[in-house]
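**Q** This is the structure I have questions about; it appears just below.
The values are calculated or read from the model by the stated rules, or taken from the named source; none is laboratory data. Computed from a predicted structure; not experimentally measured. All Cβ positions, even for glycine, are placed from backbone atoms using ideal geometry, and neighbour counts span all protein chains on display.
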Amino acid sequence: MQNSELAQRGLVLMGCGKMGSAMLEGWLARGLPSSSVWISDPNPSDWVKAQGTHLNAPLPPDPAVVIVAVKPQKMVEALPALRALGNGDTLFVSVAAGTTIATLEAALGERSPIVRAMPNTPAAIGQGITAIVGNAHVSGAQMDAAEALLSAVGDVVRLETEAQIDAVTGVSGSGPAYVFHLIECMAAAAEAEGLSPELALQLARATVAGAGALAVRTGEDPAQLRRNVTSPNGTTQAGLDVLMDTDTGLPPLIRRTVAAASARSRELARG
Ligand SMILES: NC(=O)C1=CN([C@@H]2O[C@H](COP(=O)(O)OP(=O)(O)OC[C@H]3O[C@@H](n4cnc5c(N)ncnc54)[C@H](OP(=O)(O)O)[C@@H]3O)[C@@H](O)[C@H]2O)C=CC1
Ligand SMILES: O=C(O)[C@@H]1CCC=N1
């Protein structure tokens, strides 16, 4: 990223909280010079302050990319500060849940190239996944640039329609929180079975991390990986009889969880 157009023209990051910081950490780790980054955030963390970026300084006149990473509720207040950069060839990438391309076009200028993206926080360690969809003014080269930028912090998938992003938000945008809660629940259950809190958390965290890594590295059907653990009439079978119950187990619970998050994304889009 050192010699890229991004490094030369600059990247503006509006909003550098949890998601903005996660992506920034990934980009800096992959060679984006901190001198090429302009951050606008009223309350930057100590970590952000220590990165050597242009922090709350006047913005460059023609940045290659502006990342919008403020909460959807802060958009109305935040976007006017970016309008002077609109309708040109600065590419805007918004990661906000539930803020539509139409809303962004209205605020930034109808001819602005805009990519709507949904990343997730594992971006901080280069293991995120981001879904992207562009408006009519995004050129092929700009779509490729957005993909390259987000590829630096994990996988990238292109969506066919903007409407798909609500489901993406419910699955992979919010999903890390579901997995962290799984770790919490497994640790609590281990404690209830008599293990110390430290050992319980160590077992739960390593099990989720190891199972995730195995699923990714082997590319094996997760159902087969599950069967590989399950001895006939053994311990796993006894556990899965509870977990996979179609009325009271994980399938209906996860279905309701993802549906609620996706519905909230659609609700935010309605304003
Ligand atoms: N967290 C996640 O896992 C994911 C988040 N997202 C999206 O990313 C966006 C940010 O979320 P998240 O990082 O969690 O939220 P945070 O609240 O952690 O970060 C938002 C940051 O923006 C700052 N901010 C508020 N107003 C302005 C402004 N006018 N100009 C510049 N900065 C401003 C906030 O400051 P202050 O705290 O003072 O208000 C805060 O530091 C949201 O739109 C969310 O939907 C998308 C995918 C995953
Ligand atoms: O909770 C939220 O609204 C944001 C979007 C996806 C993850 N965090």
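**Q** I'm checking my understanding of the structure. Among residues of segment 85-119 that are closer than 21 Å to residue 263 by Cα and part of a loop (DSSP other than H, G, I, E, B), which one is modelled with the lowest pLDDT?
**A** Quick first cut of segment 85-119, residues closer than 21 Å to residue 263 by Cα only: 94-104, 116-119.
With part of a loop (DSSP other than H, G, I, E, B) added as a condition, the list becomes 95-100, 119.
Working: 95: 97, 96: 96, 97: 96, 98: 92, 99: 95, 100: 96, 119: 96.
Among those that are closer than 21 Å to residue 263 by Cα and part of a loop (DSSP other than H, G, I, E, B), it is 98.
**Q** Go through segment 1-37 and report how many residues are more than 18 Å from residue 124 (Cα to Cα), in a loop (DSSP other than H, G, I, E, B) and of a type outside the set (Ser, Thr, Tyr).
**A** 3
**Q** Here is a follow-up. Looking only at segment 16-25, decide whether some residue is more than 16 Å from ligand 2 (Cβ to nearest atom), farther than 24 Å from residue 112 by Cα and within 21 Å of the chain's Cα centre (by Cα).
**A** yes
**Q** Another question, if that's okay. Which residues, taken from segment 120-150, are modelled with pLDDT under 95 and touching an Asp or Glu at 6+ places or on another chain (Cβ under 6 Å)?
**A** 124 - this is the single residue of segment 120-150 that is modelled with pLDDT under 95 and touching an Asp or Glu at 6+ places or on another chain (Cβ under 6 Å).
This table checks each residue for (1) within 19 Å of the chain's Cα centre (by Cα); (2) basic (Lys, Arg); (3) part of a helix (DSSP H, G or I).
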{"residue": "39", "(1), (2), (3)": "yes, no, no"}
{"residue": "43", "(1), (2), (3)": "no, no, no"}
{"residue": "52", "(1), (2), (3)": "no, no, no"}
{"residue": "66", "(1), (2), (3)": "yes, no, no"}
{"residue": "74", "(1), (2), (3)": "yes, yes, yes"}
{"residue": "79", "(1), (2), (3)": "no, no, yes"}
{"residue": "83", "(1), (2), (3)": "no, yes, yes"}
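**Q** Suppose the filter is in contact (Cβ under 8 Å) with a residue 40 or more places away in the chain and either small (Gly, Ala, Ser) or buried (at least 19 other Cβ atoms within 10 Å of the Cβ) (or both); does residue 104 pass it?
**A** no
**Q** Do we have residue 188 as away from ligand 1 (no atom under 16 Å from the Cβ) and either more than 19 Å from residue 128 (Cα to Cα) or at pLDDT below 95 (or both) here? Even if it seems obvious, please write down each step before you answer.
**A** On the way: away from ligand 1 (no atom under 16 Å from the Cβ): yes; either more than 19 Å from residue 128 (Cα to Cα) or at pLDDT below 95 (or both): yes.
Judged against the criteria, residue 188 is a match.
**Q** Which residue is nearest to residue 212 (Cα to Cα), if the candidates are limited to segment 136-177 and must be more than 16 Å from ligand 2 (Cβ to nearest atom) and under 11 Å from the mean Cα position of the chain (by Cα)? Even if it seems obvious, please write down each step before you answer.
**A** Restricting attention to segment 136-177, the residues satisfying the condition of being more than 16 Å from ligand 2 (Cβ to nearest atom) are 136-149, 151-152, 155-156, 158, 160-161, 163.
Add one more test, that the residue is under 11 Å from the mean Cα position of the chain (by Cα), and what stays is 155-156.
On the way: 155: 15, 156: 18 Å.
Here the answer is 155.
**Q** In contact (Cβ under 8 Å) with a residue 12 or more places away in the chain and farther than 20 Å from residue 123 by Cβ: is that true of residue 77 in this structure?
**A** No, not satisfied.
Yes/no per residue for (1) within 16 Å of ligand 1 (Cβ to nearest atom); (2) crowded, with 21+ Cβ neighbours inside 10 Å; (3) among the polar types (S, T, N, Q); (4) in the same structural domain as residue 13 (by TED's automatic domain parsing):
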| residue | (1), (2), (3), (4) |
| --- | --- |
| 47 | yes, no, no, yes |
| 71 | yes, no, no, yes |
| 82 | yes, yes, no, yes |
| 87 | no, no, yes, yes |
| 91 | no, yes, no, yes |
| 118 | yes, yes, no, yes |
